[in-house]
Every structure is written in structure tokens, then in C-alpha cells.
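Down below is the structure, laid out as C-alpha cells.
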Amino acid sequence: MPYSVASDAPSRSLYLSLTGDGGLERTLTVEGGGTNATVIIPDIDRSNGVIHIIDRFLGIPYQTVAERLSTDPVASLTSSLARESGFTQELKLPEKMTLLLPSDIAWQRLKAQLNTSYNAVFADQKSPEVLAVLKRHLIADEALTIEEMANITAANGSVTTTDGETVKVEHMPGSQEYLIKWRSLQARVLRADEECTNGYIHVIDAVLIGPKDISTPRASAASSAAGSTAASALLMAASWALLRL
């Protein structure tokens, strides 16, 4: 999960992510103002601090939402699903957009919760069910900061996504944290206001998925093929787990 630190710019944070296998070949990336940079020379000690040289200016967006999704180090699983399901093409249609982006940790947590039901739904990444889940995370034709989404929620009750679903964005009093609420599920915003040339990305810690998404004919067929009461019970348990999130 990214580590955030406040920058000197008003209401702007820097998000640090360390990727790699835990050995010497690890990479430190930093995101700020819609730009993702890699630390190329770390730990230059000076008398009053430490300098880390990065490979790009921060705060100057240079990628579209689709391009940013394909390169974000904390969203490789969403990127893969988007590419295979055709969602990447959906991201090229609106002139402006806002994307609620599930992190890799969000998908890993969902897979652990659903167990084999996850494979029943997501094994075929080109399926319309996968595309439907991803479209729920997109607000087309509007580039909205997280504060603007919270203000719309306060004024109108919710924000409408591309597939006609509604989400609520709420600011946690006394903090800089925001919550995304969809039906009985809620997600915490890990990184807000990643500015792109055509919109904003907000990284969240949960996938907006419900019991109906895992009760598709594809998932039901997988349970029938298993030929056991245990398989059906597992699907019901997964649905119950989602309802309780």
C-alpha cells in the first residue's frame, strides 16, 4: 500500500510505493500531482537533509486516464482486466472522466474473500461480467476531484457512474480521508486527485462488486460443474461476505 507524506503544496500529498521482490532489485516510485516518477539515485546525504533524484518533474500531468492506468505500479491487476475486457477502449471514448481505481491489494483481498467464486467470475477476463464490474468504477464526461465528488454527494445524495449505478463520497470529519460507499460496501480512498490530461483517478482499497456479480450464469455453471453441495454453499457464503463488507 502506498505511503503518503504531505508536501509543501497546499492540500497536496506525495505517495511513495516500493515494488520488487524484497531483495536488492527494488524500485521506489513517487506520485505527486498526477505524475509518477521513479527514484534513480537515492540517499544523497547533505548537512540539512537527504536528496533523492527522480526521473520526472512532479505536478505536471502528461498521461491520459487510460495511459496512467496502464503504468500505475499499484494497479497492475486492474490494468490487466481493463485491457482484456475492453474497458481500456471505454476509457478512450469520453473527453473527460473520473476513475475509481481499485488497487492490487483490493483485488487480492477480494480473491481471498471469494475463493473459487472469484475464478468463476474473473477466469475469462474478456467476459461482459468483468466489463460491467469495471464500468461501475467510471464517471464519464466529468473530471471530478474527490472534494467535488463529496460536494455533489452532499448536494444531490450521490454521484452517478457510467453504468447508471450511484456512489456516495463522504469526507471523514477531522481528517483528510474520504470513503466511497456503494450499496452496503465501502472503500477507503488511498490516493486522491491523481490528475491526468483528461480527468482524475482516485485509488481505492476495495472493488465495487456485489452478490449479483458473482451469481452470474457463468459462476452458477462453475458451481454446477463442481457437482457438489459444497460448491453451491461456497457461492452463497461469498455472497454473504460481500453483503457484510
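Rule-based calculations on the coordinates, nothing more; no lab input. Everything quoted here is computed from the prediction, not taken from an experiment. Cβ atoms come from the backbone with ideal geometry, glycine included; neighbour counts cover every protein chain shown.
Please state the equivalent ellipsoid semi-axes for the stretch 61-208: what are the square roots of 5 times the Cα gyration tensor eigenvalues, largest first, in whole Å?
Ellipsoid half-lengths, sorted descending, are 22, 18, 14 Å.
Taking the Cα atoms of the stretch 1-59 alone, what are Rg (to one decimal) and Dmax (as a whole number) in Å?
Cα radius of gyration and Dmax of the stretch 1-59 are 12.2, 36 Å respectively.
Would you mind ranking 62, 178 so that the residue whose beta carbon has the fewest other beta carbons within 10 Å leads the list?
Ranking 62, 178 by Cβ neighbours within 10 Å, fewest first, gives 62, 178.
What is the gain in length, in nm to one decimal, between residue 179 and residue 89 on full extension, counting 0.36 nm per residue of separation less the C-alpha to C-alpha distance?
Length gained, residue 179 through residue 89: 29.6 nm.
Quick one: of the DSSP bridges fully inside the stretch 61-208, what percent are antiparallel, nearest 5?
So the antiparallel bridges in the stretch 61-208 amount to around 75 percent.
Give me 167, 65 sorted ascending by neighbouring Cβ count inside 10 Å, so fewest comes first.
167, 65
Taking neighbour Cβ counts within 10 Å as the exposure measure, how do 202, 137, 171, 52 sort from fewest upward?
52, 171, 202, 137
What FRET efficiency comes out for the pair residue 124/residue 76, r = Cβ-Cβ distance, R0 = 25 Å, nearest 0.05?
0.85
In nm, what is the difference between 0.36 nm times the number of residues separating residue 156 and residue 109 and their Cα-Cα distance?
13.8 nm
Can you give the FRET efficiency to the nearest 0.05 for residue 148 and residue 4, using r as the Cβ-Cβ distance and R₀ = 22 Å?
The computed FRET efficiency comes out at 0.65.
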